Amino acid sequence: MTDHGHNTLINYIRNQKDEDIKGKTIIEIGTVREFLDGQNSTECFIKLCIEKDMKLITVDMDEQCSNNAKTLCEKYKFACEIITSRGEDYLKKLKTFDYIYLDGYDYDHGQHSTERQDRYNHYMSTDINNEECWESHLSMVKSLCKISNKESVICFDDIISDKIGKGVTAIPYLIEKSWKVEDQTRTCVLFISPEKAKSNERNIYIVGNGASLKDFDFDYLKDKEWVGTCLAFRHWEKINMYPQHYVCVDNVVCKKHIESIKDMIIKKKCKTFLLCASIIEHWKEIQEYDNVLYIQQLKNADANPFRYLVDYCTGSSAVMMAYVLKANKIHLLGIDCKYQEFLPECEKQKDGSLKIIKPIKHNPNYYFDDYQQVGDLYNPPNVDRVHKVSWFDVRNILLLYNILTGEQIELYNYNTNDVLDNLFKRRQLSELK
């Protein structure tokens, strides 16, 4: 049965590089009681250790279980350390650990055999009961939290719900101590250490072009992964710094500024590009570049959050791109969602687009005044009908995907206005230091 926790831990270890796990130790709390197919965790760990040149320590209070482990070691000619002790007592003396499998004190599911209850009465002077089960596992994780290292992994078996199973008090404690759920099944949860979780974090900054960024120091982004948008390449040219990812899904802007976009693609100024597919009509050779994606293509792809964007703008598309890139934390900068819809320096065209017809001395919509220049064509912002609706979609999509995947993708909006406060947590730009 793949639901057994030892399979989850084994799969995690198998996914690591051989050189990273060679010589490391698996500690099993709760040695095999019965030789049942699929449930013999000790045998499975022995096989893995032989294959990957690892060590095994197995711990159980019941001498019969220790004897079972000895039988298995003889069968496989494998030397493992067999400890007859309560898990809590053993872990209090431990200095650190690599991988630990907690399958110790049983919880009361009402189906334990008389023989099993007798063993508990013999060693613990009590029947199997939930209170002592929860206390035992809480005591163990408290000890483990004190001695863990960056690569430490804790795998829990028999995790049924927040009220049933072995982790009723231990799991909340680990979460409180910033251990991160890396994998879980119907009855098992695998945690990685807070240090490992932090090093695995992928922060992506979505940099819009709103006026709130007027005094922002772009040097902050030099060692960050960020997504730039639309006409900001005019500013990037001046500061000689480009984002890793570029997004522009406005068909009018893509067409009008095709030469600038082509220059960025050909000269590899950014790693990836997300554009409107209409650009293909004007530059067919763009299809030769594997690092160019199209919003229409993604909206039609299965198992893809883009397909749930009803309305979209470049900013909301950039957030979906960050999600697809597996960002753990997404930071919004310059997403003001606050536009002066019609500037005195622009003129409405027959097709509904707008055209800049004279120089703009002060542009209230963007962080640099020459963001838009004479001759530029662009679509009206349509803040209420498009932008706000698309950000509402983003919030709901992230909530849904967090639930479906068990991930906890966080999104923060760094801004001075409260336009998106009903959707995202707001922070101040001054916090980015």
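Within segment 383-403, residues that are assigned by TED's automatic domain parsing to the domain that holds Leu309 reach partners that are acidic (Asp, Glu) with beta carbons closer than 8 Å, at six or more positions or on different chains, in the pairs Val383/Glu341; Arg385/Asp311; Val386/Asp311; Val389/Asp311; Ser390/Asp311; Asp393/Asp311; Tyr401/Glu407. With the condition kept exactly as written, say whether any residue in segment 365-375 is surrounded by 17 or more Cβ atoms within 10 Å (Cβ to Cβ), touching a Lys or Arg at 6+ places or on another chain (Cβ under 9 Å), assigned by TED's automatic domain parsing to the domain that holds Phe424 and of a type in the set (A, V, I, L, M). No, every residue in segment 365-375 fails to be surrounded by 17 or more Cβ atoms within 10 Å (Cβ to Cβ), touching a Lys or Arg at 6+ places or on another chain (Cβ under 9 Å), assigned by TED's automatic domain parsing to the domain that holds Phe424 and of a type in the set (A, V, I, L, M). You will find that of Asn304, Asn291, Asn300, Asn328, the residue that is under 20 Å from Asn402 (Cβ atoms) and without any contact (Cβ under 8 Å) to a residue 40 or more places away in the chain is Asn304 and no other. Of all residues in segment 180-215, those that are of a type in the set (A, V, I, L, M, F, W, C), under 30 Å from Val247 (Cβ atoms) and under 13 Å from the mean Cα position of the chain (by Cα) total 2. Within segment 342-353, residues that are farther than 9 Å from Leu377 by Cα reach partners that are part of a loop (DSSP other than H, G, I, E, B) with beta carbons closer than 6 Å, at six or more positions or on different chains, in the pairs Glu345/Lys358; Glu345/Ile360; Glu347/Ile357.
Which count do you get for residues in segment 4-61 that are of a type in the set (A, V, I, L, M) and free of Cβ contacts under 8 Å to residues at least 12 places away in the same chain? Don't jump to the end; show me each part of the working.
Start the filter on segment 4-61 by keeping residues that are of a type in the set (A, V, I, L, M), which leaves 9-10, 13, 21, 26-27, 29, 32, 36, 46, 48, 50, 54, 56-57, 59, 61.
Retained after the next criterion (residues that are free of Cβ contacts under 8 Å to residues at least 12 places away in the same chain): 36.
Number of matching residues: 1.
Look at Cys44 and say whether it is buried (at least 17 other Cβ atoms within 10 Å of the Cβ), over 18 Å from Ile192 (Cβ atoms) and out of contact with any strand residue (DSSP E or B) (no Cβ under 9 Å at 6 or more places or on another chain). If you could, list the steps in order and put the result at the bottom.
Working: buried (at least 17 other Cβ atoms within 10 Å of the Cβ): yes; over 18 Å from Ile192 (Cβ atoms): yes; out of contact with any strand residue (DSSP E or B) (no Cβ under 9 Å at 6 or more places or on another chain): yes.
Yes.
When you go through (1) surrounded by fewer than 18 Cβ atoms within 10 Å (Cβ to Cβ); (2) within 16 Å of Leu231 (Cβ to Cβ); (3) hydroxyl-bearing (Ser, Thr, Tyr) one by one for Thr314, which number turns out not to apply? For Thr314, the exception is condition (1). Residues that are touching a strand residue (DSSP E or B) at 6+ places or on another chain (Cβ under 6 Å) and part of a strand (DSSP E or B) were ranked within segment 193-220; the one that is surrounded by the most Cβ atoms within 10 Å (Cβ to Cβ) is Ile206.
One line per residue, one yes/no per condition, for (1) assigned to a loop (DSSP other than H, G, I, E, B); (2) at pLDDT below 75; (3) closer than 19 Å to Ser41 by Cβ:
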residue	(1), (2), (3)
Ala69	no, no, yes
Glu74	no, no, yes
Ile82	no, no, yes
Tyr90	no, no, yes
Tyr101	no, no, yes
Tyr107	yes, no, yes
Arg116	no, yes, yes
Arg119	no, no, yes
Met140	no, no, yes
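For segment 342-361, indicate whether the set of residues that are in a loop (DSSP other than H, G, I, E, B) and among the aromatic types (Phe, Trp, Tyr) is non-empty. Yes, because at least one residue in segment 342-361 is in a loop (DSSP other than H, G, I, E, B) and among the aromatic types (Phe, Trp, Tyr). Across segment 1-28, the qualifying residues are those that are under 25 Å from the mean Cα position of the chain (by Cα) and not in a helix (DSSP H, G or I), and the one among them that is modelled with the lowest pLDDT is Thr2. In segment 225-241, the residues that are part of a helix (DSSP H, G or I) reach residues that are aromatic (Phe, Trp, Tyr) and surrounded by fewer than 23 Cβ atoms within 10 Å (Cβ to Cβ) with C-beta atoms within less than 7 angstrom, at least six apart or across chains, in these pairs: Leu231/Tyr371; Arg234/Tyr371; His235/Phe368; Trp236/Tyr242; Ile239/Phe218. I'd like to know if segment 29-41 contains one or more residues that are farther than 21 Å from Arg186 by Cβ and in a helix (DSSP H, G or I). No: zero hits. Of the residues Ile171, Ile147, the single one that is assigned by TED's automatic domain parsing to the domain that holds Glu63, modelled with pLDDT of 85 or more, among the β-branched types (Val, Ile, Thr) and surrounded by fewer than 17 Cβ atoms within 10 Å (Cβ to Cβ) is Ile147. If you go through segment 85-141 and pick out every residue that is small (Gly, Ala, Ser) and closer than 19 Å to Val32 by Cβ, you end up with 5.
When Cys49 is tested against (1) at pLDDT below 95; (2) touching a Leu at 6+ places or on another chain (Cβ under 6 Å), exactly one condition is not met: (1).
Taking Gly406 as the residue in question, decide whether it is more than 20 Å from Val310 (Cα to Cα), outside the structural domain of Arg186 (by TED's automatic domain parsing), modelled with pLDDT under 90 and touching a strand residue (DSSP E or B) at 6+ places or on another chain (Cβ under 9 Å). Quick ask: steps written out before the conclusion?
Numbers: more than 20 Å from Val310 (Cα to Cα): yes; outside the structural domain of Arg186 (by TED's automatic domain parsing): yes; modelled with pLDDT under 90: yes; touching a strand residue (DSSP E or B) at 6+ places or on another chain (Cβ under 9 Å): yes.
Judged against the criteria, Gly406 is a match.
Checking every residue in segment 337-346 against the condition of being under 30 Å from Thr405 (Cα atoms) and not aromatic (Phe, Trp, Tyr) gives at least one match. In this structure, Cys145 does not satisfy being assigned to a helix (DSSP H, G or I), touching a residue at least 12 places away in the same chain (Cβ under 8 Å), closer than 21 Å to His4 by Cβ and not β-branched (Val, Ile, Thr).
The values are calculated or read from the model by the stated rules, or taken from the named source; none is laboratory data. All values derive from a computational prediction rather than experimental measurement. In this analysis, Cβ positions are derived from the backbone assuming ideal geometry, glycine residues included, and neighbour counts consider all displayed protein chains.
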